[in-house]
Amino acid sequence: MRRIRDAIFSDRLRTVGAFAAIALVLWFLWPRPDAGKPAHKQVLTFWRAGTMQDAFLEAIERFEHDNPDIEVIVGNAAIRNATDDPQRFLTGVAGGVPPDVIYFDRYAVAEWASRGAFEALDGYLDADLAAVRDIEQQLSDARGRQDHAAAEQLASQLAARKATLLDPADFFPATWNEARYDRDGDGRAEQYGIPATTDDRALYYNESRLKQDGFVDEQGNARPPRTWAEVLTKRVETTAIVEKMDSRVVNEEKLVCPDVDLLAAGVEEGDHLSLHTGGVLRVATVRRVVSPHELVMIAKGSLPAAAYEGGTHCKIFDGQGYLVKLSRWDRQGRLWRIGLAPVSNKAGNSWLYLFGWQNGGRFMTEDGRTCTLDDPRIVGALDWLVDCYDALGGYAAVAAMESGYQGGWLDPFIQDKVAMRIDGNDFLNVIAQYRRQMDFGVAPAPMPAERLAAGVEPISWMGGYAYAIPSTARNKDAAWRLVRWMASPEAQMMQERMRRDIALSQGQLFVPGLNPRKMVNDAFERTFVNGGAPLPKRYAAAYTVFRDLLPRAYHRPVTPVGQLLWMEHRRATERALTHDATPADALDRGTRVVQAQLERVFAPPPGAPVRWSVILIAYAAALALTAAGIVGHAFRRSRTKGYFRRQWYAGWAAATPWMIGFIVFVGGPMVFSLVMSFTQYDVLNAAHWAGLANYRELAGDPLFYKSLYNTAFMALGVPLGIVAGLALAMLLDANVRGLSTYRTLFYLPAIVPAVAASILWLWVFHPTGGLVNTVLGAIGMNDWLVRWGLDAPLKWLQTEGLAKPALLIMGLWGAGASMLIWLAGLKSVPEELYEAASIDGAGPLRRFLYVTLPMLTPYIFFNLIMGTIGVFQIFTQAYIMTEGGPNDATMFYAYNLFNQAFRYLRMGYASALAWVLFAIIMILTLIQLKTSKRWVHYAND
Amino acid sequence: MINKHRPPTRLLLHAVLIAGALLFSLPFAWMIGTSMMDEREMLRPGVHLLPEAPEPRARSPYLDTSAFPEPPKPRVFMEANWNIYKGQILAVVRDRIEQLGIDNPDGLDPDRLTTQVLHGVWLRVLDVVQQEKLRDLANVIPLMNATVTPEMINEVLPQVRRRLCLALPSVRTADFRHVDLAAGTPAADFWQPTSDNVRLEPLVDDGRDCGLVRYDFDRGERWQLQAVIDRPVPLDQIRMLALAMRQDETWHGYEVTVEAGGQMWRSAEPLHFGGTQWQEVLLKPYDPARYDPYQPHPWTWLEQVAAGSTFSEPGKMRITLSATKSSPLAAWYAKAAANYRLASKQVPMWRYAATSVALVVLNIVLMVLSSSLAAYAFARLQWPGRDFLFVLLLATLMIPQQVTLIPGFIIMKWLGWYNTLNPLWVGAAFGSAFSIFLLRQFMKGIPTDLEDAARIDGCGFLRIWWHIMLPLVKPTLAAIAVFTFIATWNDFMTPLIYLNDQRLYPLSLGLFQLQTVLGQNYAMMMAGSIMMTIPVIGVFFFAQKYFVQGITLTGIKG
């Protein structure tokens, strides 16, 4: 026993040394961001998504130079896009430590302002204006007094003040008003953001393609379409019957239309047909009209068999329209060039919003209380869009064609694969960068002819960013100074000039952006379009088109449900274009969804406010009672003394850290979360009781079911992982030479950090450059995939049907972790059992089935349970790789919960989700436990 | 099952294992390979695990034959047919190109240049024409005459010829002006060669007036260009020096010095001619007072050289660009390191790594101490409420993290710990149910003799825990430490929720930030991912025993 005492003594030094070393390491490595910074400086945080451009950083540096008392920390705060992904910003607002200034998409400002996330800026605007008035007054006084020295000083002061004065009258109204919202409902809107940038949309056209197809004016210049009718005119829509013809011309077919008079409808040779049968769309050209009810056509590609059997839905379009004539199909009927894809991500950037406005539609009523997405004029616009896509051969055909293209050099417009596109002015820079010499032109997007006839001038759609100050920001006054500077004409000019310098130094053309302030915009035009190195005429003309459209540009409705309206209007468009619903039905459904949300927003809080103190006291009382019960009971029952009593105290003391942790971070939160699931709570405003509303909403939420389905799909990975791991383990169990090397190689993928692995697999699954697709391409699989009706090269993470399998494959890469468990399991199978089985004449397969597998069932069981729980936690991959998309295909349970909680701040609803998850896991585990008795064999049973 | 395999089976087994190991390692190889590529290489058609070898050519300008090695086959042709018609069709294109003419100021071999341009143009042609039309051989000539344009040739040319061009540099001053140096002089006259293996020729490249640098390392291992100019502002008023150049992808090293008034500044990091596009190389005088490591700094620092300079002409400054020949090995190193350098210039990866290491250390220490203490109480001590609490502990194993996530956030906010590192380590101070459970099972199995002996010697409970229990469960503690390491290092959701000051990020969030900054630049993303993965792999190799043990331990308890 001496040895123990000696050991204790000599250990002491080492222990102290070890802890000192740890403390030293921590002291060195712990981040101390503010160390060495002068104390008098105010620190401002400025968030802006994306890459920090030099020009932007320089403007900030200039601000710091002019305001020595302020230091600005600029960062993108790991946000991809502040609007689509406001989670980090909102968590910051909720946590009370938001950035001081944020650069935010203007259309979303109102939505978060309505929730109290932004500070109203009217006070600052008024104060600045008052200060200017004050100096003006003093100046006129000084002039009156003939005090020239004071007047001069005041005049320069006034000039400096005026340089950063924000006057709403200077701004294009649409840019200013988009960030105005009446939060308190007093009929007077407040300003929540200062417009920073703007853009608008117009039609780009490829002059060569237009000339090639004869769309020219008298001088032989390309002539863009001005009306919807010029783009596409539908002659007739009817149900028809296709008949096979005994013709020498391939694909020549007869079409019988009993219900309409083709000649009266003006159908003629060269007209364009779209045929819709059994979910398949094909296009065809009219060869000749035989009789009022019969025509001969040449189909592009072969028609599906169903086309010859029943009625075919058929639309006949004027073959001379821009859209039809500029489009090209190859012999298989595949789209090869698109004339115009009006609503498209890749072949342009315009949405139903623009076409609805063009047709005179409104998406919200004036008072902002009613959603009018189903306005007949919007339905009319969507009808026309559906016709456009049908004429092209269907939405899927367009998507398939576009998917081969990307941005930049591989843009379809630059590659001549799209003859016209509706896009923002930014696209000018893409052309300038990647195909400077291109023959292109820009014109206002075509309008409905009757609206033009009624004297409406072509309109556009304006978007852009704004500077905003979060409501819980700490240095609001300094933040306002920064906003004022960043929005000032000088800062805007400075940034634009620097952008030009950089572009020119890289040998590129520079087309300036559009500015929300008219005078700045004029200065841009003077300096960067006409002055200095003037832009080529083509670009200057295009810039002028965009500039002239600015005063007639519309902005998205300012509403607290802006994002939902945006999502739903896109969803309705997609449903109509894919013939999932008629335009009217699709828009109607969207309207109902948005309206329901609107009503929820404007409805008063449902129940009484939650008094957390009561719940806290109740929790504390319950804990105290339990503790008192246990302790009291023990003291009454047992009269232990001395060592055993000391053991009590030691036990309690030793378990205390865990108990505190349990009370504060497990038990308390459980109670808290259960209570919250019955409330409506967004952290920014007080919680209100909501009864079962959250659970009811959950039961009717399609996203909840979809996330459950997605998660269940991923549960396939559990047995797959078990099989893969077991297979590897069986191979390694054979005591081969180099076992540990193999083991290491198989196991390594399992320890790659999830973030790193996600980024790696994002690249592995990249459609054009990724490992999987290049290997598939190299072994000639792409042709086969196309033959099997798949769209090759596969868009793994961008296709709804492939995204989850892709993540499963990625999961299998980490099967090495379970392999280690199986290895241990296999080692634990007694050798005698195998010998006995061999003696009984069992071959390897039988030995595996009747010895190995039963002996491994405890491991399988354990892995099944842990795997199931793990599936419900899948988050990082989905967050980094797919953001839950495409079309919510990777919206897993944990991700949905995270979004509800930290992206939409719906803490009550998210808590309800959490408790449902808890229940599901409990039930699954219970089922597994119950059934396990039947198939799990424990060795000692 | 042991050692019963006959040699052929064994061979087959090895074959399967090697194939499997290759398959599992493939993404790693892909990751490492990509991290050394530039964007152009990444989009090459075909499977490329390895980056192209850098070619430190002695002479520049030169013709790069690697961009378009072979004219690809059109989709509509079968292999055999293509071999028959290839010559005929390509000859038509070649004629057309020769008819249009190629501008060749670099003095490259015209025949080889035309061949490379042909390959590049052909690729472009396949993009633009309807490939079916190529089968109509009779009409190929008019088709090609209509398709192949001078514009197409001009687009291909920069991809096949490599040249080093220098345009006039500019200076950004402390009062936010941009000053072009020696504005008005031809760029070729700006620089004066100081060695005879280099000369400058006037050239207009991509619409820019510049000097084409012709050099030849066979005639000397170094060359140098120098410019003596009027100083636009005093040296300490220069915020940034911008050298506009198109590089020739030879991966030779170069260095820039700026001298004025007896002072000398020199580029602090190795620079290389690695690019092919026009770019601005930014050089910024290093000022410790203004240095913020958390901001992106896409420039190269200029450091003051203590020795000073002999150049002290009043009102003048001297810029020197001196290039050194790279050996193939040096070129490889420069190329391999390029993306890692750029990534850590965008995001302070090393600082984030330090934060992660600190968190890992703290988490491990706290987790091991608190868990083992609680486990000791549950395993070896008799106290009222123990069994009840143990059941509670087992129950918490079942609670999914999501249930406590939201209240956890609100509690942390209430404690004022939002946007601090506390939420990332405080939890460990209370132990985890899982480790407590695991340790308890092991402590249960320890015989009581040792404990009794220590007690007789006068040890208290704390000492028994520290001196008897902990040493005996060391392997389990090691496994727990390993798990805590992995969990902390890899944790992404917690920092995502709790941190918004970029100066506090751990590496996981830092890597994600890199992704939000660089977006589509996968080469740099791979470099970042590797930086995050290597420590884990390193720890794995040192603590492999405990990894395996830990995994096995946790897997067994059914």
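Worth pointing out:
- Shielding score for B:505-517, defined as the mean number of other chain Cβ atoms within 10 Å: 5
- Fully extending the segment from A:SER302 to A:GLU64 would add 78.9 nm, taking 0.36 nm per residue of separation and subtracting the current Cα-Cα distance.
- Per-pair calculated FRET efficiency, R0 = 35 Å: A:ALA842 and B:LYS545 via Cβ, rounded to 0.05: 0.50
- Label reach from B:ASP452 (point 7 Å along Cα→C-beta): in region B:367-409, amide nitrogens under 20 Å belong to B:379-383.
- Within the straight-line cut-off of under 24 Å between alpha carbons, the lysines reachable from B:LYS284 are A:LYS37, B:LYS316, B:LYS335, B:LYS345, sequence neighbours fewer than 8 places apart in one chain being disregarded.
- Sequence-separation-based contact order of region A:277-435, relative, with Cα cut under 8 Å and 6+ spacing, percent: 22
- Karplus-derived 3J(HN,Hα), 6.51/-1.76/1.60, for each residue of region A:911-920, Hz, glycine and proline x: 5, 4, 4, 4, 6, 5, 4, 4, 4, 4
- If you model region A:49-140 as an ellipsoid using its alpha carbon gyration tensor, with each semi-axis the square root of five times an eigenvalue, the axes come out at 29, 20, 12 Å, biggest first.
- DSSP beta bridge pairing in the protein assembly as shown, given as percent antiparallel to the nearest 5: 90
- Gyration tensor verdict on region A:67-196 (Cα atoms; rounded if a/c is under 1.5, prolate if a/b is larger than b/c, oblate otherwise): prolate
- Shape analysis of the protein assembly as shown places it in the rounded category; the axes a ≥ b ≥ c from the Cα gyration tensor give an a/c below 1.5.
- Packing rank of B:160-171, A:446-457, where each peptide gets the mean count of other beta carbons within 10 Å, highest leading: B:160-171, A:446-457
- Candidate lysines - alpha carbon under 19 Å from A:LYS417, same-chain residues fewer than 8 apart omitted: A:LYS211, A:LYS300, A:LYS325, A:LYS346, B:LYS133
- Loop chymotrypsin sites (Phe, Trp or Tyr not before Pro), region A:765-847 (other Cβ atoms within 10 Å of the site Cβ: 13 or fewer; DSSP): A:TRP788
- Per-residue Karplus couplings for region A:868-884, computed as 6.51 cos²θ - 1.76 cosθ + 1.60 with θ equal to phi - 60°, are listed in order as 4, 4, x, 4, 6, 9, 4, 9, 4, 4, 5, 5, 7, 7, 10, 6, x Hz, Gly and Pro entered as x.
- Leaving ligands and nucleic acids aside, the A/B contact buries around 14000 square angstrom of accessible area in total at a 1.4 Å probe radius.
- Other-chain or far-sequence residues with amide H under 5 Å of A:PHE413's (modelled H): A:VAL418
- Label-point separation, B:GLN192 to B:GLU132 (7 Å along Cα→Cβ), nm: 6.7
- Radius 13 Å from Cβ of A:ARG143, net charge of other residues (Lys, Arg +1; Asp, Glu -1): -3
- Portion, in percent, of the accessible area of region A:391-479 that falls on carbon or sulfur, probe 1.4 Å: 49
- Region B:244-303 versus region B:406-482: alpha-carbon centroid distance in Å: 51
- Value of [θ]222 nm, deg cm²/dmol, for chain B, DSSP H segments ≥ 4, -39500 (n - 2.57) each, nearest 500: -15000 deg cm²/dmol
- With every protein chain in place, region B:200-343: carbon and sulfur % of accessible area (1.4 Å): 52
- Cross-link reach list, lysines versus A:LYS706, counting only Cα pairs under 19 Å and skipping chain neighbours closer than eight places: A:LYS804
- Region B:434-558 - charge dipole about Cα centre, Lys and Arg +1 at Cβ, Asp and Glu -1, debye rounded to 20: 120
- Taken over region A:834-933, the convex hull of the Cα atoms encloses 130 Å³ per residue.
- Scalar couplings 3J(HN,Hα) for region B:344-358, obtained by applying the Karplus form with A = 6.51, B = -1.76, C = 1.60 to θ = phi - 60°, are 7, 7, 7, 9, x, 4, 5, 5, 4, 4, 4, 4, 4, 4, 4 Hz; x denotes Gly and Pro.
- Other residues within the sphere of radius under 15 Å centred on the Cβ of B:PRO186, judged by their own Cβ, net out at -3 (K and R +1, D and E -1).
- A:ALA621 paired with A:LYS162, simple spin-label distance in nm, labels 7 Å along Cα-to-beta-carbon: 6.9
- Solvent-accessible area per residue, Å², over the protein assembly as shown with all protein chains present [probe radius 1.4 Å]: 42
- Magnitude of the charge dipole for chain A, about its Cα centre and with charges confined to Cβ atoms of Lys, Arg (+1) and Asp, Glu (-1), is about 3980 debye.
- Euclidean distance of C-alpha centroids, region A:141-211 and region A:278-329, integer Å: 54
- Region A:51-104 and region A:865-880 have Cα centres spaced 32 Å apart.
- Size of charge dipole - region B:130-183 - debye, nearest 20, with Cβ of Lys, Arg +1 and Asp, Glu -1, no other charges: 240
- Three-way shape label, region A:484-587, alpha-carbon gyration tensor, a/c 1.5: prolate
- Toward the positive end of the charge dipole of region B:419-558, with +1 on the Cβ of Lys and Arg and -1 on the Cβ of Asp and Glu, the farthest Cα among B:LEU421, B:PHE461, B:LEU438 is that of B:LEU438.
- For the protein assembly as shown, the list of Cys residues with no other Cys C-beta under 4.7 Å reads A:CYS257, A:CYS314, A:CYS371, A:CYS388, B:CYS459.
- Reduced Cα scattering model of region A:276-400, Debye log10 I(q)/I(0), q = 0.13, 0.14, 0.18, 0.20 Å⁻¹: -0.64, -0.72, -1.03, -1.17
- Near A:SER460, the amide H atoms lying under 5 Å from its own belong to A:ALA553, A:TYR554; only residues 5 or more places off or on other chains count, and H is placed 1.01 Å from N.
- Within chain B, longest stretch free of exposed chymotrypsin sites (Phe, Trp or Tyr not before Pro) [DSSP loop, at most 15 other beta carbons within 10 Å]: B:292-558
- The amide H of A:VAL43, built 1.01 Å from its N in the peptide plane, has A:GLU71 as neighbours under 5 Å, considering only residues 5 or more places off or on other chains.
The values are calculated or read from the model by the stated rules, or taken from the named source; none is laboratory data. The shown structure was predicted, so the numbers you read here are calculated from the model rather than taken from an experiment. Here Cβ is always computed from backbone atoms with ideal geometry, including for glycine, and neighbour counts include all displayed protein chains. All accessible areas refer to the heavy atoms of the entire protein, side chains included, with ligands and DNA or RNA removed. Shrake-Rupley method; radii C 1.70, N 1.55, O 1.52, S 1.80 Å.
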